[in-house]
1. Just to check your reading of the model, which residue among Asp180, Asp114, Asp191 is among the charged types (D, E, K, R) and either more than 26 Å from Pro228 (Cβ to Cβ) or at pLDDT below 95 (or both)?
2. If I filter segment 209-217 for residues that are at positive phi and not β-branched (Val, Ile, Thr), do I get at least one hit?
3. Does at least one position in segment 41-59 carry a residue that is open to solvent by 70 Å² or more (accessible area, probe 1.4 Å) and aromatic (Phe, Trp, Tyr)?
4. Checking Ala219 against (1) open to solvent by 30 Å² or more (accessible area, probe 1.4 Å); (2) under 17 Å from Val106 (Cα atoms); (3) not charged (D, E, K, R): exactly one of these is not met. Which one?
5. For segment 168-188, how many residues meet the condition of being assigned to a helix (DSSP H, G or I), surrounded by 17 or more Cβ atoms within 10 Å (Cβ to Cβ) and more than 11 Å from the ligand (Cβ to nearest atom)?
6. Is it true that some residue in segment 254-265 is more than 16 Å from the ligand (Cβ to nearest atom), open to solvent by 30 Å² or more (accessible area, probe 1.4 Å), closer than 21 Å to Gly225 by Cα and touching a helix residue (DSSP H, G or I) at 6+ places or on another chain (Cβ under 7 Å)?
7. Quick check on segment 29-40: of everything there that is open to solvent by 50 Å² or more (accessible area, probe 1.4 Å) and not in a loop (DSSP other than H, G, I, E, B), which residue is nearest to Ile76 (Cα to Cα)?
8. Could you check Leu257 against (1) touching a residue at least 24 places away in the same chain (Cβ under 8 Å); (2) in a loop (DSSP other than H, G, I, E, B) and say which number it fails?
Amino acid sequence: MPLVYYAANPEAWGDYRVEIPAALGEFGVTAQVRDTCDDPSSVDYLVYTPAGPVADFTPFTKAKAVLSLWAGVERIVGNATLTQPLCRMVDPGLSDGMTEWVVGQVLRYHLGLDRHITTQDGVWREHLAPPLARHRTVGILGLGVLGQAAARALAALNFDVLGWSRTEKSVSQVKCFAGDIGLSEVLSTCDILVLLLPETPATRGLMNDTRFALLRPGAIVINPGRGPLIEDDALLRALDSGQVSAATLDVFAVEPLPPQHPFWAHPKITVTPHVASVTRPGSAARVIAENVARGEAGQPLLHVVDRGLGY
Ligand code: NAP
């Protein structure tokens, strides 16, 4: 009987201790699922987050896979002790949550909701009626699981959606771009920019002074991807010059964002505390179980991270 070691956030164990065995049962797998480990050499699968107790994977000599509960794997992908396959989380609940958050943020800026919320001063400003979504262009950097889900939802609302990825993509109702020229095209065309890239050596610092300068003056920036995609000082300069008119940031180079960080008090920045979306135990446990079932059947694992690319 395989041993699944839950080496993730202790506070979520109460959910996963129920959900993982139930999901394994759905896939016809009988396994032991534990949150303690006396003998690492007996573990077959690790369910992992960086908030759990494992940093050294060397003793897990027979582990067939490390199954991340997080979509972003930048904190583990470079771990030299990790020789086992690493699978990232692709959870329908996580995708739905991100889509809802991105659509909410885009609609906030598209409809100009802040002006009505913050300026209720007795003046009747009829000219503030928003344009239709079809006259607003949203650029999404990252057309993976989350980027495509958000892009489809925005396209369904009639936004003009542009997406950018490393390799060429084809997504219905979304104009897809790749490469440096594609990036310039997306940046220089969009009114609202959404970052849904992973943090890798190639994406760190992507939004620097040069890239902010490519945006249309007054563009909006929404970042639920990872903090280091943006150079903080470059964003502050772009906001101060008006090149960027507002930003909503959910993720930061340092989390929690330190209280003295200038983002907190900046009038054009909305800080949200890494809440855009979370892994949902009910649906995530099925993803874990499917990979355990595949591992036990000798089938290829799903969502395996390319260690060279870093995502
Ligand atoms: P994914 O499926 O791996 O998609 C990543 C996308 O980024 C792909 O389209 C990929 O291109 C593109 N990409 C990667 N490197 C690139 C590069 N150098 N140039 C251009 N495009 C590049 O990841 P996902 O599941 O959509 O998740 C995206 C990120 O969201 C995660 O890595 C995580 O950081 C973040 N996240 C945030 C939260 C939150 O609550 N704030 C929650 C979950 C996830 P290809 O398609 O060509 O491979």
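The values are calculated or read from the model by the stated rules, or taken from the named source; none is laboratory data. Keep in mind that this is a model prediction, so the values were computed, not measured. Because the Cβ atoms are built from the backbone with ideal geometry, glycine has one as well, and the counts that use them run over all protein chains shown. Ligands, DNA and RNA are excluded from the accessible area calculation, which covers all protein heavy atoms including side chains. Shrake-Rupley method; radii C 1.70, N 1.55, O 1.52, S 1.80 Å.
1. Details: Asp180 fails: either more than 26 Å from Pro228 (Cβ to Cβ) or at pLDDT below 95 (or both); Asp191 fails: either more than 26 Å from Pro228 (Cβ to Cβ) or at pLDDT below 95 (or both).
The unique qualifying residue is Asp114.
2. Taking every residue of segment 209-217 in turn, none turns out to be at positive phi and not β-branched (Val, Ile, Thr).
3. At the first step, the residues of segment 41-59 found to be open to solvent by 70 Å² or more (accessible area, probe 1.4 Å) are 53, 55-56, 58.
In the following step, the residues that additionally are aromatic (Phe, Trp, Tyr) were identified as none.
The answer is no; no qualifying residue exists.
4. Only one criterion in (1) open to solvent by 30 Å² or more (accessible area, probe 1.4 Å); (2) under 17 Å from Val106 (Cα atoms); (3) not charged (D, E, K, R) is unmet by Ala219, namely (1).
5. Going through segment 168-188, the residues assigned to a helix (DSSP H, G or I) turn out to be 179-188.
Then drop every residue that is not surrounded by 17 or more Cβ atoms within 10 Å (Cβ to Cβ), which leaves 182-183, 185-187.
Imposing the further condition that a residue be more than 11 Å from the ligand (Cβ to nearest atom) reduces the set to 185, 187.
Residues that pass the stated criteria total 2.
6. For segment 254-265, residues more than 16 Å from the ligand (Cβ to nearest atom), open to solvent by 30 Å² or more (accessible area, probe 1.4 Å), closer than 21 Å to Gly225 by Cα and touching a helix residue (DSSP H, G or I) at 6+ places or on another chain (Cβ under 7 Å): present.
7. To start, the set of residues in segment 29-40 that are open to solvent by 50 Å² or more (accessible area, probe 1.4 Å) comprises 30, 32, 34-36, 38-39.
From what is left, the residues that are not in a loop (DSSP other than H, G, I, E, B) are 32, 34.
Values: Gln32: 25, Arg34: 21 Å.
Among residues in segment 29-40 that are open to solvent by 50 Å² or more (accessible area, probe 1.4 Å) and not in a loop (DSSP other than H, G, I, E, B), the one nearest to Ile76 (Cα to Cα) is Arg34.
8. Of the numbered conditions (1) touching a residue at least 24 places away in the same chain (Cβ under 8 Å); (2) in a loop (DSSP other than H, G, I, E, B), the odd one out for Leu257 is (1).
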